[in-house]
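In what follows, a structure is listed as structure tokens, so that the remarks can point back to it.
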Amino acid sequence: MRPRVAVVGPGAIGGTLAAHRAQRGPALDLVICARTPFDTLVLDTPEGTLRAQVEILSDPAAARPVDWVLLAVKTYDVAEAARRWLPALLGPETRVAALQNGLEHAALLEGHVPAARVLPSVQMLPAERVGPGHLRQRRPGALSVPTGADADAFAALFEGTAIPVHRDPAFEVALWTKLAVNAAGAVSAMRLEPARVVHAPGAADEMRALVAECVAVARACGVELPAGLPERVVEGARAAPPETSNSLLADRRAGRPLEIDARHGVIVRLGLAHGVPTPENARVCAVLGAP
Ligand SMILES: NC(=O)c1ccc[n+]([C@@H]2O[C@H](COP(=O)([O-])OP(=O)(O)OC[C@H]3O[C@@H](n4cnc5c(N)ncnc54)[C@H](OP(=O)(O)O)[C@@H]3O)[C@@H](O)[C@H]2O)c1
């Protein structure tokens with residue numbers, strides 16, 4: 001029997017994954033748990049538009065236990081979404097794939113599901129919301145997860161789709177590397193300028209410092225990140241099309257809440273715990289407002 005999957009939070013990441021999963025056959029095994037209801041899931045990709053008629057719930061009273069919950073809300077919505085949906089969706093064997101940026105996937109779900117049933121992930125999936133149930137995937141994407149039986153079962157959900165799932169023996173390195181790369185994105189959000197900000201006076205140094213702090217905290221936590229990462233991040237920003245936005249900048253411009261705690265507060269907290277100074281990440285928290 002095909003595993004039943006519930007996607008909680010059909011935004012850029014959740015909606016994109018649901019649309020790809022739905023291409024595998026009749027979408028009877030897929031349910032979407034939405035805060036803002038919609039009728040049809042539509043995903044624009046560079047290769048064309050995918051449409052899926054799937055069951056969409058906005059009331060947890062109609063939800064039933066599933067094999068997999070794909071939890072794809074923003075980090076600051078995890079606790080509320082879990083409180084609302086997980087009691088109905090969790091059976092004794094249900095696994096929860098946590099599809100957020102940051103390091104604290106299981107911690108954010110503490111009290112809602114045992115950590116051993118949470119599968120953390122890294123999402124290399126550039127996507128955005130066009131409207132409720134309507135997503136745009138900008139480039140081909142992939143997910144990374146740790147290795148193990150749950151990771152194998154999760155990867156099987158996307159077999160035959162355009163979403164490769166990498167089971168990464170060095171998952172912690174991937175997780176921290178994404179955190180470090182994301183850290184540099186705060187410079188755009190603070191200066192309200194897209195990728196071209198890297199050419200502004202002092203911006204490249206700020207990016208290097210944000211990434212270097214994350215590298216130092218990772219090392220203190222026992223995770224060695226790739227050599228030269230701060231410079232590589234700056235080179236990547238210089239090579240990007242000048243008008244490229246990042247999600248922090250897009251969210252700030254749209255007046256939406258920002259994932260500052262998950263992206264910068266965590267670096268500051270772990271830095272404090274390990275005696276590693278993190279003044280640049282602390283400045284981001286002060287300017288952009290970690291809760
Ligand atoms: N977008 C990207 O390209 C990208 C790339 C890599 C990683 N990420 C990470 O992926 C995570 C998800 O980001 P995203 O960009 O997909 O966010 P998003 O587009 O804002 O989508 C979040 C979705 O969660 C829904 N939601 C919030 N609370 C809910 C609840 N209680 N019940 C059901 N649905 C609820 C929202 O519904 P409403 O429509 O009502 O707001 C929205 O549809 C973040 O941690 C982000 O950093 C994103």
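The values are calculated or read from the model by the stated rules, or taken from the named source; none is laboratory data. Everything numeric here is computed off the predicted structure, so don't read it as measured data. As a convention, Cβ positions derive from the backbone with ideal geometry for all residues, glycine included, and neighbour counts pool all protein chains shown. Accessible surface areas use protein heavy atoms only, side chains included; no ligands, DNA or RNA. Shrake-Rupley method; radii C 1.70, N 1.55, O 1.52, S 1.80 Å.
So which residues in segment 201-212 are open to solvent by 20 Å² or more (accessible area, probe 1.4 Å) and either of a type in the set (A, V, I, L, M, F, W, C) or in contact with a Ser or Thr (Cβ under 7 Å, 6 or more places away or on another chain) (or both), if there are any at all?
Scanning segment 201-212 gives 209, 212.
Can you tell which of 71, 108 is closer than 21 Å to residue 258 by Cα, modelled with pLDDT of 95 or more and open to solvent by less than 10 Å² (accessible area, probe 1.4 Å)? One residue alone meets the criteria, 71.
Against the conditions (1) in contact with a helix residue (DSSP H, G or I) (Cβ under 8 Å, 6 or more places away or on another chain); (2) more than 28 Å from residue 130 (Cα to Cα), residue 232 satisfies every one except (1). Residues in segment 11-38 that are within 14 Å of the ligand (Cβ to nearest atom) and open to solvent by 20 Å² or more (accessible area, probe 1.4 Å): 12, 13, 35, 36, 37, 38.
Within segment 197-205, not a single residue is in a helix (DSSP H, G or I) and within 11 Å of the ligand (Cβ to nearest atom). Has segment 263-273 got any residue that is within 13 Å of the ligand (Cβ to nearest atom), touching a Gly at 6+ places or on another chain (Cβ under 9 Å) and within 23 Å of residue 170 (Cβ to Cβ)? Yes, segment 263-273 contains at least one residue that is within 13 Å of the ligand (Cβ to nearest atom), touching a Gly at 6+ places or on another chain (Cβ under 9 Å) and within 23 Å of residue 170 (Cβ to Cβ). Summed over segment 127-157, residues that are under 17 Å from residue 48 (Cβ atoms) and either assigned by TED's automatic domain parsing to the domain that holds residue 226 or open to solvent by less than 30 Å² (accessible area, probe 1.4 Å) (or both) total 4.
Segment 46-126 holds strands (runs of 3 or more DSSP E) entirely within its bounds, and those carrying 2 or more residues that are free of Cβ contacts under 8 Å to residues at least 24 places away in the same chain map to 48-52. I'd like to check something: does segment 224-246 contain any residue that is open to solvent by 20 Å² or more (accessible area, probe 1.4 Å) and under 24 Å from residue 76 (Cα atoms)? Yes, segment 224-246 has at least one match.
When segment 55-68 is filtered for residues that are within 14 Å of the ligand (Cβ to nearest atom) and either of a type in the set (Lys, Arg) or surrounded by 18 or more Cβ atoms within 10 Å (Cβ to Cβ) (or both), the ones remaining, listed by number, are 56, 57, 63. Quick check on residue 160: is it of a type outside the set (Val, Ile, Thr) and surrounded by 15 or more Cβ atoms within 10 Å (Cβ to Cβ)? So residue 160 does not fit the description; no. Here is a check on your reading of the model: is residue 41 open to solvent by less than 20 Å² (accessible area, probe 1.4 Å) and closer than 23 Å to residue 150 by Cβ? No. Can you spot a residue in segment 172-185 that is part of a helix (DSSP H, G or I), small (Gly, Ala, Ser) and open to solvent by 30 Å² or more (accessible area, probe 1.4 Å)? Checking segment 172-185: not a single residue is part of a helix (DSSP H, G or I), small (Gly, Ala, Ser) and open to solvent by 30 Å² or more (accessible area, probe 1.4 Å).
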